[in-house]
Amino acid sequence: MIVVTGGAGFVGLNVVEQLIARGERVMVFDVAPPRLEVPYELGDIADANAVERLLAQHRPDAVIHMAAITADVQRDARDPRRIAEVNLIGTLNVLESARRHGMRRVVHASTGALYGAAGVGAREPLDEERDRPLPETMYGITKYAAERASLRLATLWELDVRVGRLAMTYGRWEHATDARQVLSAPTQIARLARAGREAVFPALGPTDYIYAPDVARALIALLDAQSPRHRLYHLGTGVAWALPQWCEQIAKHFPRFRWRESSNFEECNVRSLARVMRTHFANRRLVEDLGWQPRYDLASSAADFVSWLGAHDES
């Protein structure tokens, strides 16, 4: 069995869907029921007793730990303790219980958001070894702390922990929750186009957006790898693009779709957690060590997502 914490969330659902498709036994642990027919238990990752009961009862072979709060500025100011409890303490709860029950592997989903100011304006793609994070938000700060704690305790406790830093993910199953209230800009744009509305967004610049099914495949590749050479991997396509390029692809499916960039942030109907996008990831480790390649490029992800939205009624 594989436990997926945060499996009712956006990326979690993509991971769960792919695990089920290949015949795995999966248990979702989240504060809300998943939008898939899959066994689940409701619980708070910040509750150490709840995490311990889950792993003691089901004795999974591995855990993919994805439970997190992706906070905006308002929540940073309003609820920093809760963000830290979920993102950092929740991770420690998983690691402690995994140690007690002899997990084969823990895959910890981290984020490119932890680079903060250090990730903006870099001349070369961000490298796992060379570039040092400088997180600025509570999300980035707590996720970086969780990442470093995971790697430190993996060494001290001889746990097999692998960390995957997710690039800017968008697409299938993306929905607003209490833990993640702001959707990715590409998803917001696709929904506006489908609704026949104009999309207005700030000029954010290019970054390495990655389609959700591809990032799920990368996390599962980390789960499956028998002897990965590294403990930390960037999970990105290695290619950067900007929102106008996405709009051009979406317009092929909705010919009446209109969009524009605006320097007036107040008039934008596409929100973003970032005002400037970070430099894209180098993904050499992911490609060379794990043999991963994206299945979707910009055009094919737009076509697939438009089709998916039509079939799922934007659920």
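Here, each number is a calculation from the coordinates, and none is a lab measurement. Keep in mind it's a predicted model, so treat the numbers as computed, not measured. Positions of Cβ are backbone-derived with ideal geometry, glycine not excepted, and every protein chain shown enters the neighbour counts.
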The range 128-212: Kirkwood hydrodynamic radius (Cα pairs, Å) comes out at 15.9 Å
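How big is the C-alpha Rg of the range 247-288 next to the rule-of-thumb value 2.2 N^0.38 Å, as a ratio? Walk me through the numbers on the way to the answer.
Values: Rg = 15.7 Å, N = 42, 2.2 N^0.38 = 9.1 Å.
This ratio for the range 247-288 stands at 1.72.
What order do you get for 12-18, 56-62, 96-102 when each peptide is scored by the mean count of other beta carbon atoms within 10 Å, highest first?
Ranking, from highest mean packing down: 12-18, 96-102, 56-62.
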Calculate I(q)/I(0) for the chain by the Debye formula, one identical point scatterer on each C-alpha and no solvent, and give its log10 at q = 0.11, 0.14 Å⁻¹ to two decimals. -0.65, -1.08
Sorted on mean Cβ neighbours within 10 Å (highest first), peptides 83-91, 2-10 come out as 2-10, 83-91
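What area, in nm² and to one decimal, does the C-alpha convex hull of the range 1-127 cast on average over all directions? Spell out each step's value before the answer.
Values: hull surface 36.9 nm².
Result: 9.2 nm².
Computed over the Cα atoms, what is the radius of gyration of the range 216-315 divided by 2.2 N^0.38 Å, N being its residue count?
Values: Rg = 17.1 Å, N = 100, 2.2 N^0.38 = 12.7 Å.
Rg over 2.2 N^0.38 Å, computed on Cα atoms: 1.35.
Report, in debye and to the nearest 20, how large the dipole of the chain comes out about its Cα centre when Lys and Arg carry +1 and Asp and Glu carry -1 on their Cβ.
Numbers: 39 positive and 39 negative charges, 44 e Å.
Here the size comes out at about 220 debye.
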